[in-house]
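For reference, the structure discussed in these notes is given below.
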Amino acid sequence: MRLLVITPHLSPDTAPTGLIVSRLVDEFNKAGHEVHVVTSLPWYRQHRVEEEWRGRFFRANSERQLKVVRLTPFAVKKSSLFGRALGFGAFSITATFAGVLARGPFDSVVVLSPPLTLGLAGWLVARRHKCPLVLNVQDVFPDVAVRVGVIRSPILIRIFEWMERFCYRRSQAVTVLSSDLAANISSKVDGARIEVIPNFVDISEIVPGDRNTSYRSENNLGDRCVVMYAGNLGHSQSLEVIIEAARRHRARDDIAYVLNGGGVAAAKLRDMAGELPNLTVVDYKPVERLPEVLATADLHVVSLNRHLSQSSVPSKTLSILASARPVIACVDPGSEVARIVEDSGAGLTVFPEDVDAFVEAVENLAADPEGRVKMGLSGRSWIEGWPSAGVVAGKYLGLFDELMLR
């Protein structure tokens, strides 16, 4: 098969979705298929194009046996919603032109969303090449942005909801990460083909490690029980719960809280950390250090604001389980993440934004090191049965084959 993939990120860009799609297209290529990728110049880590990639509006060359066209991402600061919307729109326009001008024929066009505007790009490119469109939804937009109050304009909401339905209806298949997301999309459109294909975790790269890491030393964490949230520091996560827990535990010398990542709330959180001696805010680390970062924590936190589980699935949960560390999941009851934590025996679940329940969970696990080890090992054993990158890629290839025969 010849596949055309349109994605906002591709390795060496460090965005989580970029790492996922990079491995998938490598698996497609390994299976003997020709892959053409339209993506951006690497920019995610600092929200500007990486130094070694600057100086050109686009680059077209071969990378890892793939044909890759990289375009300027029109990157702006995360705090500028209007600027980000313009940037995503501009990138989607240039990606459309790059996809339309790509030398066909192609057997399928695959597009990642968000941004939702890439769904429109994919539709136009698939029509140009007369082949099926597969829309991969990592987060349901605009639901998350509306629920957390980032988008409030009724006119904008209606425009995005129309665009969302348009993209679903014109895709030959929509792939999502969980049954929760599938139910969400099914409630909005009739007759759309929706396939649940989860993300994967590489259990050969993320392995259980010693807690006494260089990262622990660099951040003066000592031998304290480290409670860590690693990921996007944004509007969707109940980070206030972690801040309040740190405030309540500020007099304890055996518990330390770490927020590792970047996002619109990072600056505010750093200011708070200045007032709380037991709270450390650390910027994103290179992806090569992810196993070390995960191993540093004695207890990880996965957090989503209430009612967001039908719109988003924090895939970091899989990496935490692979690192053999226990997790406290602040998520809606019955959601995908709650089911994973409960089925694996890898930790505890509490209601989102429930500070008292979260603090109690931290205190119970901090006082039970043997229980933490048992939970971590249980999670590691469970995740070893999760679909690998090769299995996930195979599910996509099976879908492409089926759509070609219709």
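The values are calculated or read from the model by the stated rules, or taken from the named source; none is laboratory data. Fair warning: this is a prediction, and the values are worked out from it, not measured in the lab. Here the Cβ is made from the backbone with ideal geometry for all residues, glycine too, and neighbour counts use every protein chain on show.
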Notebook entry, point to check: Among (1) touching a Leu at 6+ places or on another chain (Cβ under 9 Å); (2) over 25 Å from His33 (Cα atoms); (3) assigned to a loop (DSSP other than H, G, I, E, B), which single condition is Cys131 missing?
Noted result: (2)
Item checked: Residue in the range 153-176 that is surrounded by fewer than 16 Cβ atoms within 10 Å (Cβ to Cβ) and at positive phi present -> no
Checklist line | Test result for Arg211, touching a strand residue (DSSP E or B) at 6+ places or on another chain (Cβ under 9 Å), closer than 18 Å to Cys330 by Cβ and touching a residue at least 12 places away in the same chain (Cβ under 8 Å) | finding: no
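Suppose we filter Val125, Val144, Val109 for residues that are in a strand (DSSP E or B) and either touching a Cys at 6+ places or on another chain (Cβ under 9 Å) or among the β-branched types (Val, Ile, Thr) (or both); which single one remains? Break it down stepwise before answering.
Details: Val125 fails: in a strand (DSSP E or B); Val144 fails: in a strand (DSSP E or B).
On inspection, the qualifying residue turns out to be Val109.
One line per residue, one yes/no per condition, for (1) closer than 27 Å to Ser312 by Cα; (2) aliphatic (A, V, I, L, M):
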residue: Ala15; (1), (2): yes, yes
residue: Asn29; (1), (2): no, no
residue: Val37; (1), (2): yes, yes
residue: Arg45; (1), (2): yes, no
residue: Ala102; (1), (2): no, yes
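Scan the range 112-122 residue by residue and report those that are assigned to a loop (DSSP other than H, G, I, E, B) and of a type in the set (A, V, I, L, M).
In the first step, residues of the range 112-122 are kept if they are assigned to a loop (DSSP other than H, G, I, E, B); the result is 114-116.
Once the filter is applied, which keeps residues that are assigned to a loop (DSSP other than H, G, I, E, B) and of a type in the set (A, V, I, L, M), the range 112-122 yields only Leu116.
Does Ala324 satisfy the criteria of being surrounded by fewer than 24 Cβ atoms within 10 Å (Cβ to Cβ), of a type outside the set (Asp, Glu) and in a helix (DSSP H, G or I)? Give the derivation first.
Numbers: surrounded by fewer than 24 Cβ atoms within 10 Å (Cβ to Cβ): yes; of a type outside the set (Asp, Glu): yes; in a helix (DSSP H, G or I): no.
Considered against the rule, which asks whether it is surrounded by fewer than 24 Cβ atoms within 10 Å (Cβ to Cβ), of a type outside the set (Asp, Glu) and in a helix (DSSP H, G or I), Ala324 comes out as no.
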Note to self: Need pairs with beta-carbon distance below 7 Å; first residue crowded, with 20+ Cβ neighbours inside 10 Å and within the range 344-359, second assigned to a strand (DSSP E or B) and not β-branched (Val, Ile, Thr); sequence gap 6+ or separate chains.
What the structure shows: Gly347/Ala329; Thr349/Ala329; Val350/Cys330; Pro352/Cys330; Phe358/Cys330
Next item on the list: Evaluate the following for Arg247: is it assigned by TED's automatic domain parsing to the domain that holds Val227, in contact with an Asp or Glu (Cβ under 9 Å, 6 or more places away or on another chain), in a loop (DSSP other than H, G, I, E, B) and surrounded by fewer than 23 Cβ atoms within 10 Å (Cβ to Cβ)?
Entry: no
Check: What pairs come up if the first residue lies in the range 101-117 and is among the charged types (D, E, K, R), the second is surrounded by fewer than 24 Cβ atoms within 10 Å (Cβ to Cβ) and part of a loop (DSSP other than H, G, I, E, B), and their beta carbons are under 9 Å apart, counting only those six or more places apart or on different chains?
Finding: Asp107/Met1; Asp107/His33; Asp107/Cys131; Asp107/Pro132
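Criterion first (of a type in the set (Asp, Glu), surrounded by fewer than 24 Cβ atoms within 10 Å (Cβ to Cβ), assigned to a loop (DSSP other than H, G, I, E, B) and without any contact (Cβ under 8 Å) to a residue 40 or more places away in the chain) does Asp271 satisfy it?
Details: of a type in the set (Asp, Glu): yes; surrounded by fewer than 24 Cβ atoms within 10 Å (Cβ to Cβ): yes; assigned to a loop (DSSP other than H, G, I, E, B): no; without any contact (Cβ under 8 Å) to a residue 40 or more places away in the chain: yes.
Here the answer is no, as Asp271 does not meet what is asked.
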Item checked: Qualifying positions in the range 274-297 - part of a loop (DSSP other than H, G, I, E, B) and touching a helix residue (DSSP H, G or I) at 6+ places or on another chain (Cβ under 6 Å) -> Leu276, Asn278, Lys285
Notebook entry, point to check: Any residue in the range 172-183 that is assigned to a loop (DSSP other than H, G, I, E, B) and under 18 Å from Thr117 (Cβ atoms)?
Noted result: no
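What residue, of Val362, Val392, is part of a helix (DSSP H, G or I), hydrophobic (A, V, I, L, M, F, W, C) and in the same structural domain as Ala182 (by TED's automatic domain parsing)?
Values: Val362 fails: in the same structural domain as Ala182 (by TED's automatic domain parsing).
It is Val392.
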Next item on the list: Sort out which residues of the range 184-196 are crowded, with 19+ Cβ neighbours inside 10 Å and in a loop (DSSP other than H, G, I, E, B), and write them in order of number.
Entry: Ala192
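Modelled with pLDDT of 90 or more, of a type outside the set (D, E, K, R), under 21 Å from the mean Cα position of the chain (by Cα) and under 30 Å from Val373 (Cβ atoms): which single residue out of Val226, Val201, Val176 fits that description? If you could, list the steps in order and put the result at the bottom.
Numbers: Val226 fails: under 21 Å from the mean Cα position of the chain (by Cα); Val176 fails: under 30 Å from Val373 (Cβ atoms).
After applying the criteria, what remains is Val201.
Of all the residues that make up the range 57-71, how many are part of a loop (DSSP other than H, G, I, E, B), closer than 22 Å to Leu3 by Cα and at pLDDT 80 or above?
Filtering the range 57-71 down to residues part of a loop (DSSP other than H, G, I, E, B) leaves 57, 64-65.
Retained after the next criterion (residues that are closer than 22 Å to Leu3 by Cα): 64-65.
Next cut, at pLDDT 80 or above only: 65.
Final tally of qualifying residues: 1.
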Next item on the list: For the range 250-268, name all the residues that are surrounded by 17 or more Cβ atoms within 10 Å (Cβ to Cβ), at pLDDT below 85 and not aliphatic (A, V, I, L, M).
Entry: Gly261, Gly262, Gly263
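Could you check the range 365-389 and list, in sequence order, the residues that are in contact with a helix residue (DSSP H, G or I) (Cβ under 7 Å, 6 or more places away or on another chain) and in a helix (DSSP H, G or I)?
Hits for the range 365-389 are Leu365, Gly371, Arg372, Ser378, Gly379, Arg380, Trp382, Ile383, Ala389.
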